[in-house]
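Here the structure is laid out as structure tokens; the discussion comes afterwards.
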Number of protein chains: 2
Amino acid sequence: MTARSSERARVDLLARVFGTDGSGRTMLGIGDDAAVITPGSQPLVWTVDAQVEGVHFRRDLVSMADLGYRATMAAASDLAAMGASPLGMLAGLVLPEDVSDDDLRAIAEGQHEAAQEVGTHIIGGNLARGRELSITTTVLGETPRPLGRSGAKPGEVVAIAGPLGLSAAGLVLIERGREGEADAAPAVRAYRRPVARIAAGLAARDVASAAIDVSDGLARDVGHLARASGVRIALDPTALVRPALAKAATLAGADPLALALHGGEDYAVVITVPEDRLPEKEFERIGRVLPAEPGARLVTLEQPDGTLVPIDERGYDHFG
Amino acid sequence: MTARSSERARVDLLARVFGTDGSGRTMLGIGDDAAVITPGSQPLVWTVDAQVEGVHFRRDLVSMADLGYRATMAAASDLAAMGASPLGMLAGLVLPEDVSDDDLRAIAEGQHEAAQEVGTHIIGGNLARGRELSITTTVLGETPRPLGRSGAKPGEVVAIAGPLGLSAAGLVLIERGREGEADAAPAVRAYRRPVARIAAGLAARDVASAAIDVSDGLARDVGHLARASGVRIALDPTALVRPALAKAATLAGADPLALALHGGEDYAVVITVPEDRLPEKEFERIGRVLPAEPGARLVTLEQPDGTLVPIDERGYDHFG
């Protein structure tokens, strides 16, 4: 099936897949010039994220449904890092000629599933033609206390909710055709179906001093947090590699610590928090916050003997 | 100059161009995981729009600054059609390798100018690499009374704020190298620097029964409104071609009425309203609302003798 309907028919197709938001907050959904949402009393948190073919994904390695799912979770993850609950999402799709109605339906089903998973709905968007398939998702949410990147204080612990390095390991295993093996399953799932840690963000909201989500790679993302907060971060290497990553990395022939530090696309949430307030149900400790020191690197690994080994804040730079 | 900085340096460049929102509503702008806005008491109106190279624009026909300006106004126009005031914008940019830092600065300056023009600010966004230059803009606004497409009633008049057909005429004149001629100026300006009719939308908000903006072409867009409202629209051909369009069309060797009906990208706002409540300062009458009739075409031209001539609801269909 390679049917390609008109824009109006495709909007109707999307409206059927996305259905109607039952939250009571959406006053007007798909089909008008804009979506309308009932106002609330909490600060609004708002983000946009794009997934572009050939940069963020390859169509031969990810299904259309997985693509829709991943793009939606990647955008929702920014809200998790702000301690916010989503109110709704708009999806902007750029579709090349070879994307059929069935492909579009699969993308939309993946988007819808991810939106439902984080307790929200896709309530509008935009369709455009283009040579390069891309999904741009904008998410609106709310929180009584937005968690920024800039509040980390020396003496606090660094903690994480969600996997590290698994998504990057999953991509390597898919590329190498080893996704069918048992040790590959958690990594392949982390790549294809990452999860925005909304509940963890809510649990951290009233106790954490700063937060960020791991999209470009842990080293790079905690570097952003350290810079915004004027602190240094010392990571504990023994806490970064968990058993599932160790097994997947062995299968992939990759260094598990490098995957954990630089892999990216895990969409884990990293917080800084006073040790006695760590939400232990959702978060695991992975390091600590040190005071700034002129000339010192912002992100280090703290060896068992206390030595601080500088880490490159590399990760994914779109223009590097 | 073809400098291409890292992602972080480019975000800093954008933050400098966009500056800080002085509205008092932005609690957190560029540089964190998401933007944060102070809540209000009015319904939220939210839209997203994409401009894609080769589909919506050609780099040889539009400057980078004009591109940023147009993309921003196209998105803001959806809010005008809802009778809403913008609260802020996020800009998602996909940038090919040949877009230099200077190009990016020019795009951002155009975006900033357009945002200021409609009384708002770009407070965040996303940068990604890609093969195809695109700008996806999401706009959040508020209004006590959202104007939808579905409230038009038979007996009301149809009225417009903003130009018709001029933008399409401008594009033809630019393509033909005739933009330097005096009669071309208003059309070229309508193409390069279209204006979202925010003030007109606000003026219509408490009196109009329905509204839509003219992005794909008048015939197509009023067709959407007629369908959503369950009415027919009869347009007055003598009201559709104004002197500036007539002159530009002559220069372009094009039919002015066809440009007015099918041109698109004018970002005028069309409303339906009881005749005695028409906001005459902002709007001009261009037709009337008729009751639905089984089998009858939704959009027609009403000739001086009262004959209704069906019009194709064609315009820009992204997948047509």
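Coordinate-derived values only; no laboratory data. Predicted model, so just to flag it, every value in this text is computed and none were measured. Note: ideal-geometry Cβ built from the backbone for every residue, glycine included; neighbour counts use all protein chains shown.
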Extension gain from A:VAL207 to A:ALA185, taking 0.36 nm per residue of separation minus the Cα-Cα distance:
4.5 nm
For chain B: rounded, prolate or oblate by the Cα gyration tensor [a/c cutoff 1.5]
oblate
Fluctuation leader among A:ALA208, A:ALA71, A:ALA258 - chain A, Gaussian network, Cα springs under 10 angstrom
A:ALA258
Scan around A:LEU301 for amide H atoms under 5 Å from its own, H built in the peptide plane at 1.01 Å from N, and keep only partners 5 or more places away or cross-chain.
A:LEU235, A:VAL309, A:ILE311
Rounded to the nearest 0.05, what FRET efficiency do B:VAL309 and B:ARG131 give with R0 = 51 Å and r taken as the Cβ-Cβ distance? Could you check?
0.70
On a 0 to 90 degree scale, rounded to 10, what angle separates helix B:166-175 from the longest Cα axis of chain B?
60 degrees
Descending principal axes extents, region B:267-320, alpha-carbon based, whole Å
37, 31, 21
Centroid-to-centroid separation of region B:125-155 and region A:189-203 [C-alpha atoms, Å]:
28 Å
Lysine-lysine proximity count for the protein assembly as shown, Cα under 30 Å, sequence distance 8 or more or distinct chains:
4
Dipole magnitude of chain A about its Cα centre (Cβ charges: Lys, Arg +1; Asp, Glu -1), debye to nearest 20
260 debye
With the 8 Å Cα cutoff and a minimum separation of six or more residues, region A:9-142 has a relative contact order in percent of 38 percent
Over region B:157-310, what lengths in whole Å, largest first, do the semi-axes of the equivalent ellipsoid take, defined as the square roots of 5 times the eigenvalues of the alpha-carbon gyration tensor?
27, 18, 12
For region B:8-142, treating each Cα as an identical point scatterer without solvent, what Debye log10 I(q)/I(0) comes out at q = 0.10 1/Å?
-0.29
Return the long-range amide H neighbours of A:ARG232 (sequence gap of 5 or more, or a different chain), with a cut-off of under 5 Å between placed amide H atoms.
A:LEU290, A:ALA292
Using per-residue counts of other Cβ atoms within 10 Å, averaged over each peptide, order A:183-189, B:161-167 from highest down.
B:161-167, A:183-189
per DSSP, antiparallel bridges as share of beta bridges in chain B, % nearest 5, sits at 80 percent
Average other protein chain Cβ within 10 Å of Cβ, residues B:287-293:
0
Per residue of region A:54-59, in order, report the coupling 6.51 cos²θ - 1.76 cosθ + 1.60 (Karplus, θ = phi - 60°) as ³J(HN,Hα) in whole Hz, putting x for Gly and Pro.
x, 10, 9, 7, 10, 4
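With runs of 4+ DSSP H residues as the only contributors, calculate the mean residue ellipticity of the protein assembly as shown at 222 nm using -39,500 (n - 2.57) per run, divided by the residue total and rounded to the nearest 500.
Here the helix-only value at 222 nm equals -9500 deg cm²/dmol.
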Highest average packing first - A:53-63, B:301-311, Cβ atoms within 10 Å:
A:53-63, B:301-311
Over all viewing directions the Cα convex hull of region A:66-105 casts an average projected area in nm² of 3.4 nm²
Based on the alpha carbons, how large is the Rg to Rh ratio for the protein assembly as shown when Rh follows Kirkwood?
1.01
Extreme residue, positive dipole direction of chain A, given options A:VAL157, A:GLY88, A:ALA239 (C-beta unit charges)
A:VAL157
Computed over region A:109-188, Kirkwood Rh from alpha-carbon pairs, angstrom
17.2 Å
Which whole-number percent is the relative contact order of region B:265-320 (Cα, under 8 Å, 6+ apart)?
19 percent
Among A:ALA199, A:ALA254, A:ALA50, which residue has its Cα positioned farthest towards the positive end of the charge dipole of chain A, with +1 placed on the Cβ of Lys and Arg, -1 on the Cβ of Asp and Glu, and the dipole taken about the Cα centre?
A:ALA199
Normalised by the residues of chain A, what does the relative contact order come to in percent, with Cα pairs under 8 Å and at least six apart?
21 percent
Around B:GLY92, which amide H atoms from residues at least 5 apart in sequence, or from another chain, sit under 5 Å from its own amide H, with H modelled in the peptide plane?
B:ASN126, B:THR136, B:THR137, B:THR138
Integer Hz, Karplus 6.51/-1.76/1.60 couplings in order for region A:214-226, x for Gly and Pro
8, 9, 8, x, 4, 4, 5, 6, 5, x, 4, 5, 4
With +1 on each Lys and Arg Cβ and -1 on each Asp and Glu Cβ, how big is the dipole of the protein assembly as shown about its Cα centre, in debye rounded to the nearest 20?
460 debye
Could you work out, residue by residue across B:272-281, how many beta carbons of other chains sit within 10 Å of that residue's beta carbon, and then give the average as an integer?
0
B:ASP60-B:THR20 FRET efficiency (beta carbon distance; Förster radius 35 Å; 0.05 resolution)
0.50
The alpha-carbon center of region A:85-106 and that of region A:1-39 are separated, in whole Å, by 11 Å
Partner shielding of B:206-213, as the mean number of partner chain Cβ atoms within 10 Å, equals 1
